[in-house]
Amino acid sequence: MGTGRTDHFIYIRSFEYTVLMSDALRQFKSDIFQGLANPTRIAIVELLREGELPAGKLIERLGIEQANASQHLAVLRAKQIVVSRKAGNQVYYSIRDRALIDVLDILRRYFYSQLSSTVSMLQEVASEKPKTRLKTPR
């Protein structure tokens, strides 16, 4: 059995590691969500679902200006969501980690779940008999 002082030191180190890692993980998640906090950037990631595409093809499929696409791609690169490679005069983009596609698929399922709940609630409200209006004195 270790000394009380050693056990205390190990506990503090374990606590510090857990707290620091939790903060680092939360920051990492926040950075990813900041990178995806624009519908155009999500569209870019979704277009890259099937694999690498040149910037020109992304711009064409999105129907946006080159300068606008460049800004969004810069954010996605800075947040380490996409990676790029240059081949000749073309720049190709791909998703850094395919796990992000799984995250977006989970968010799609979450959206449909919320939508389904809302539709059910609206159907329930619509099927209720209208209540008589209270007459207010004039």
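Read the figures in this text as sums done on the coordinates, not as results from a lab. Since the model is a prediction, treat every value here as computed from it, not as a measurement. Cβ sites come from the backbone with ideal geometry, for glycine too, and all protein chains shown count toward neighbours.
A few remarks follow.
- Relative contact order (%) - the stretch 36-125, alpha-carbon pairs under 8 angstrom, separation at least six: 29
- In sequence order, calculated HN-Hα J values of the stretch 77-85 (Karplus, 6.51, -1.76, 1.60; Hz; x Gly/Pro): 5, 4, 8, 6, 8, 10, 10, 10, 9
- Prolate/oblate/rounded call for the stretch 36-125, Cα gyration tensor, a/c under 1.5 rounded: prolate
- Nearest-0.05 FRET efficiency for V125 and T40, computed from C-beta distance (R0 25 Å): 0.10
- Rounded to the nearest Hz, the phi-derived 3J(HN,Hα) couplings of the stretch 91-96 under the Karplus curve 6.51 cos²θ - 1.76 cosθ + 1.60 (θ = phi - 60°) are 10, 9, 10, 8, 6, 5, where x marks glycine and proline.
- Order of V45, V119, V91 under a 10 Å beta carbon neighbour criterion, fewest first: V119, V91, V45
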